[in-house]
Every structure is written in C-alpha cells, then in structure tokens.
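No lab work stands behind these numbers, since they all come straight from the coordinates. Remember, it's a predicted structure, so these values are computed and weren't measured experimentally. Cβ placement follows ideal geometry from the backbone for every residue including glycine, while neighbour counts extend to all protein chains displayed.
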Amino acid sequence: MKYLCLAYGNQEKMASLSKEEFTALVERCKPMDEELRRSGHLLSVESLEWATTAVRSRNGKVVVTDGPFVETKEQVGGLFVIEARDLNEAIRIASLHPAAHLGEDLGWGIEIRPIADGCHQ
Amino acid sequence: MTEDALRARIEALYQRDGPVVRAALIRLLGDFDLAEEALHDAFAAALQTWPAAGIPERPRAWLVSAGRFQAVETLRRRARFDAALAELAERIAADARPEDPDEDAIEDDRLRLIFTCCHPLLPPEASMALTLREVCGLTTEAIARAFLATAPTIAQRIVRAKAKLKEARVPFEVPGRSEMAARLDAVLRVVYLLFNEGYAAASGTHLTRADLCREAIRLGRLLVELLDEPEAQGLLGLMLLHDARRAARVAADGRPVLLADQDRSLWNRTQIEEGAAWTERALRSRRFGPYTLQAAIAAVHAEAEAAAATDWAQIVGLYDVLLRVEPSPVVELNRAVAVGMRDGPAAGLALVEAILATGRLADYVPAHAARADLCERAGRLEEARAAFAQALRLAKSEPERRFFAERLARLGPG
C-alpha cells in the first residue's frame, strides 16, 4: 500500500531560529533523511516553502486568496510518499523522518494517510 | 535460472518463510521494528546477490544471517543521531556466532514469538492484534477489518503493545517449566478468543471474520506441532470440531440454527475426525483441562448421526468433570440443558431456575432462551412466553431477535 506522510511544523517557531540554530538543525536532519532514503520504501520526498496560495470557488467563480486553506498554527512543511506492507510498517518508516524526532520544541509532527487504491469508498 | 524466475522464487520464499525468518530476527535482535526492517533488508540483499551467486543451500538461514548483519550496519549508522544505538549494535554483533543459525532453532522461534506476543502483561485484545500481525503475518488493515475496527486503532494497539514488551524487557523465549502452565494458559486463551471472535459473528455478511477462525486453527496447529501439551491438543480439537459445523450454523437469511436443528450432512466429516483424534489424544494423557473437556463434549455431539441419537448421559458426565475443573455459571447452565435432555424438561428446568435464582446469569440471553425452551417442552406455555420475551429484550443482534420473535409467535397468544 502507498501512504502519504505530511510533516507539519510551526512556521513562527521556525522563523524565530537564529541562522546558526537553523544550520545546526539542518545538519542534524541530514543523517535521518539519509536513513529514510536508504529504507527502500520511499517513493518521493519534498520540503515545502511556507508561502501558500488558496484557490476555491465563490459564487460560482474561482477565486484566489492568500493561504493557508485552513488556519492552524501547524502547517505542512514537508511531504513524502512511501510504499509499505501495512500501516504499522508505514509508522515505522515515517519515524525515520526528522519531523518525528525534532518535533517537541518546533511543533513538528507527521500525519500518515493511506492513499486510496482505485476508487474512493 | 532467469532473473524473472529468480524473483518469483524469492517472492514465494517471502510468502512461505517470511514469518519464520521474521520470528528468528525478533529473537536475535530483541526488537520487533528492527526485525521488520532487517527482514526487508535481508530480502533486498537476496535480490541483489542471488542472481550472481545463486540461491544458497539453506535460504532461510542465509536470510536470518543477512538480516542480522544488516541490522548491525543500520544501528551503527543511526548511532550518528541516536548514541544509545551504538551499544546495541555492538551487543548484537558480539552475539553473532560464526556458524549459520540452525534450522531447528529457527522453527522454534515461532513458538517463542507466540509466548512473547501473548505475554500476560498485555491485555488480550493487544495480544490478539500483535499475534495476528507478527506471528500470522496479517497486515494491520486486514486485522482491523476482521475486528470491525479502524486501521489507526489497531495500529496504535500494536505500537503500544510492542513498547510495553520492550519497556518490561520481556525476553523472547519459551518459558521454563515453573512458568509454563500459567504462560501456556495465556497463549491458549488468546488463540481461543481469536477463534470465538471469528466464530461468534460468522454470518455471511462478515466473511472476513472467518479468517480469524482459520488463523486461530493455524496457530493451534503450530502449537501442537512444536509443543507436547494436552491442553493445546484439546484446544485444537475443540476449534476443529466447532468449525466443522460452520456451514450448518447459519440459515440463508443469517439466522442462527440450533444444534438440534442443523442439517448434519453439511458438517465437515474430515475435520470432525481430525478434531476428535486430537481430543482423544489429549484425553489419553490424563493431564487435560477445560479445553479438552469442552472438545470431548463437542465430539459427542459431532458423533451423533441425528440430534435424537445424542448420548446425553455422557455429555452430562463430561459437564460434571468440567464443573469440577473450572466452575462457572455458564457451564452449570449447559449442564442443566443436558440434564433436561437426559431426564426430561422438568429436571432441566429445576436446575436452570435454581441458577437464575442466584441472579448470576440475569442478563445472559442463553439462560433465558434455555428456560423458555424447557418451559415450552414441559407444557408451561405461559412461562415459556415470558422467558422468550425476556430473551428477545436482552438479545443484541438482529438475527437473534428475529429468532426469538419467531419462537414467541409460534407459541401463539396466551
């Protein structure tokens, strides 16, 4: 099965890091990223910029506004797709991602969603 | 061999031996998640090296060794961001013996794993989910379907169970003699619960539930294969005998069919013979317990060619022994019903009323159903109506309600 993993982070807290702190964080993430890539389960992985744009329908017209689509402190800052035998294996693999380790102070965490196979039920 | 043929061989090996290799790795590495990863890495290594080197003589042992090697490499790499792993890596590397793990030890690893998954530390529902995933190789999603639960619920149950075992440092081993009886009890209870979970709702609309019965029987077979314990044989006998009646238990419209009304030509005779053989073997040991006794009762029913030919005297006798071994109001009730068949409804009714008078089975549907049936047979129709109405009020499933409503209607207005 394929699973979409959304890494949520807190933009404000990330913005409050000094340059040195940010560089140190990136350095700490590198070996974890490497492990995730090495796992043989990863289909794709991306980091996202924070700037967001929302497109939706209003009075029958498509309108464009500043995002995010849903107002919350935590926003999606990264995403990856994995192929796993089942949900528990997906949890184990997602646990390799930095967002699972560095979460406590910076509000990072991962949401795992199975990718619907064929039709929606 | 072409590359495609080799891939197919490796895939078949994964299907057949994956659970065994996984169990061996869990013992060697002492960690479920690390073992799962090592299993994956071992098969990846096989895909890489076997095309050139050929399939090793003992592929399972090769996979276990490769998995252990890969796990040590993984832990050494991860020590870069989790220092605690360095020590673990070196401990596993030091444990590694130069010779290949032998085949018998690998076979026994499945047994060790069952004892770990069914450790008394874990609640039964956690043991059931963990056993199905780690021993039987079912996916979280399949387990969730069988238990009519969501996949995230089952996934969390499994994650918590693993964490609990790790925290308590539960060793991966078959318990020693002093602990054996209590630990085996816990294992048999989990297997029996699994079976009942599948058996209780085995109607046509819940086909996936039948998988639970199949897995429980497979676990039962594994236990008798690896362990010479009469109660494990008795439990296997009990499950086979009950499961043999599957096709006759439920009518086309989903209503339960009572044992007495079942079409016995639908019973699986081969399975009844096998179940009876395991039961007899357990009985001969003279070290049997409640599972074997229940199996013996099921065997007496199974051997009767028609309901009227049932040897009720023998069934009452077996219930007497069962009551001494494991006293319970439900067993008392079943014995009372058997007495009602042996000595007539008045005798059975007196016993059922005495049990109900204690208040212990006040909300137990079968108790009211038994009372209703005995009253009807004894010609006490007014009381039969009241008891069927009570069973109807307490019934939890729709087919059950329909069944009691029909019995009530058949009695006519009072």
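Between A:Ser44 and B:Leu259, the distance separating the two model label sites (each 7 Å from Cα on the Cα→Cβ line) works out to 6.0 nm. Peptide A:91-98 has a mean shielding of 3, counted as Cβ atoms of other protein chains within 10 Å of each residue's Cβ. Helix B:32-53 and the longest principal axis of the Cα set of chain B meet at an angle near 60°. The residues neighbouring B:Pro230, those whose beta-carbon lies less than 14 Å from its own, together hold a net charge of -1 under the Lys/Arg +1, Asp/Glu -1 convention.
Of all segments of chain B bounded by trypsin sites (Lys or Arg not before Pro) found in a DSSP loop with no more than 12 other C-beta atoms within 10 Å, the longest spans B:1-168.
Shown in residue order for region A:89-99 are the 3J(HN,Hα) couplings computed by the Karplus curve 6.51 cos²θ - 1.76 cosθ + 1.60 at θ = phi - 60°: 5, 4, 4, 4, 6, 4, 5, 6, 5, x, 4 Hz (x for Gly and Pro). Neighbour counts of C-beta atoms inside 10 Å place A:Met1, B:Met341, B:Met239 in the sequence A:Met1, B:Met341, B:Met239, starting with the fewest.
When you restrict to C-alpha pairs under 8 Å that are six or more residues apart and normalise by the size of chain A, the relative contact order lands at 47 percent.
Each Lys or Arg adds one and each Asp or Glu subtracts one; over the other residues with Cβ under 11 Å from the Cβ of B:Gly18, this totals +1. Counting only Cβ charges, +1 for Lys and Arg and -1 for Asp and Glu, the dipole size of chain B around its Cα centre is about 960 debye. The alpha carbon centroids of region B:283-308 and region B:325-399 are separated by 22 Å. Relative to the longest principal axis of the Cα atoms of chain B, the long axis of helix B:103-117 lies at roughly 50 degrees. Residues whose amide H lies under 5 Å from that of A:Tyr8, counting only those 5 or more places away or on a different chain, are A:Gly77, A:Gly109, A:Ile110, A:Glu111; hydrogens are built 1.01 Å from N in the peptide plane. Is region B:160-316 best put as rounded, prolate or oblate by its Cα gyration tensor, with a ≥ b ≥ c the root eigenvalues, rounded for a/c under 1.5, and otherwise prolate when a/b is larger than b/c, oblate when not? Here region B:160-316 falls in the oblate category.
Note on chain B: helix-only mean residue ellipticity at 222 nm, from DSSP H runs of 4+ residues weighted -39500 (n - 2.57) and normalised by residue number, equals -24500 deg cm²/dmol. For region A:2-114, just say rounded, prolate or oblate: build the C-alpha gyration tensor, square-root its eigenvalues into a ≥ b ≥ c, call rounded for a/c under 1.5, and beyond that prolate if a/b exceeds b/c, oblate if not. Because a/c hits 1.5 or more and a/b fails to exceed b/c, region A:2-114 counts as oblate.
Ordered by the number of other Cβ atoms lying within 10 Å of each residue's own Cβ, fewest first, A:Cys29, B:Cys117 fall into the sequence A:Cys29, B:Cys117.
Along the axis of the charge dipole computed for chain B (Cβ charges of +1 for Lys and Arg, -1 for Asp and Glu, origin at the Cα centre), the listed residues B:Leu193, B:Leu223, B:Ala66 are led at the positive end by B:Leu193.
Chain B: longest stretch without exposed GluC sites (Glu not before Pro) (DSSP loop, at most 16 other Cβ within 10 Å), sites themselves excluded? It runs B:174-304. When only the Cβ of Lys, Arg, Asp and Glu is charged (+1, +1, -1, -1), the dipole of chain A relative to its Cα centre reaches about 420 debye. A Förster distance of 22 Å, applied to the separation of the beta-carbon atoms of B:Arg324 and B:Ala357, puts the FRET efficiency at 0.50. Across region B:330-414, the mean sequence separation of Cα contacts (distance under 8 Å, 6 or more residues apart), normalised by length, yields a relative contact order of 21 percent. Taking a point 7 Å from the Cα of B:Arg377 along the Cα-to-Cβ direction, the residues of region B:336-357 with backbone N closer than 11 Å to it are B:336-349. With a Cα cut-off of under 26 Å and a minimum spacing of 8 residues unless on different chains, the lysine pairs in the protein assembly as shown number 7. Note on A:Glu83 and B:Arg77: the model spin-label points, each 7 Å out from Cα along the C-beta direction, lie 1.8 nm apart. Summing +1 for each Lys or Arg and -1 for each Asp or Glu among the other residues whose beta-carbon sits under 12 angstrom from that of B:Ala338 gives -2.
Think of each Lys and Arg Cβ as +1 and each Asp and Glu Cβ as -1; about the Cα centre, that makes the dipole of region B:3-101 roughly 80 debye. With a ≥ b ≥ c the root eigenvalues of the C-alpha gyration tensor of chain B, is it rounded (a/c under 1.5), prolate (a/b larger than b/c) or oblate? Prolate. Relative to the longest principal axis of the Cα atoms of chain B, helix B:398-411 runs at roughly 10 degrees.
Among B:Leu148, B:Leu34, B:Leu6, the order by Cβ neighbours within 10 angstrom, fewest to most, reads B:Leu148, B:Leu6, B:Leu34. If you average the alpha carbon positions of region A:1-17 and of region B:1-48, how far apart do those two centres end up, in angstrom? Centre-to-centre distance over Cα atoms comes out at 33 Å. Ordering B:Pro56, B:His40, B:Leu28 by Cα displacement along the dipole of region B:27-87 toward the positive end leaves B:Pro56 in first place; charges were set at the Cβ atoms of Lys, Arg (+1) and Asp, Glu (-1).
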